[in-house]
Amino acid sequence: MTDTALAAPARDLDGRRAVVTGATGATGGAVVARLVAAAATVLGVAR
């Protein structure tokens, strides 16, 4: 089975803004990376 769900992110969030809490953690960092790849503007919040 081939996993293509995360292979090529679409740029469908262009112009959208997102706030990610815990942006420096493992999960938050992955979320930030995916949002940036989708062309979103991201504000990362961390302690």
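For the pair Ala39 and Asp14 in one chain, pulling the backbone fully straight at 0.36 nm per residue adds 8.5 nm over the alpha carbon distance.
Label positions at Ala46 and Thr24, each projected 7 Å from the Cα along the C-beta direction, are separated by 0.5 nm. The listed peptides 30-41, 15-26, ordered by packing as a protection proxy, come out as 30-41, 15-26 (highest mean of other Cβ atoms within 10 Å first).
The numbers here are math on the coordinates, done by the rules we state, and not lab data. Since the model is a prediction, treat every value here as computed from it, not as a measurement. Note that we place each Cβ from the backbone using ideal geometry, even for glycine, and neighbour counts take in every protein chain shown.
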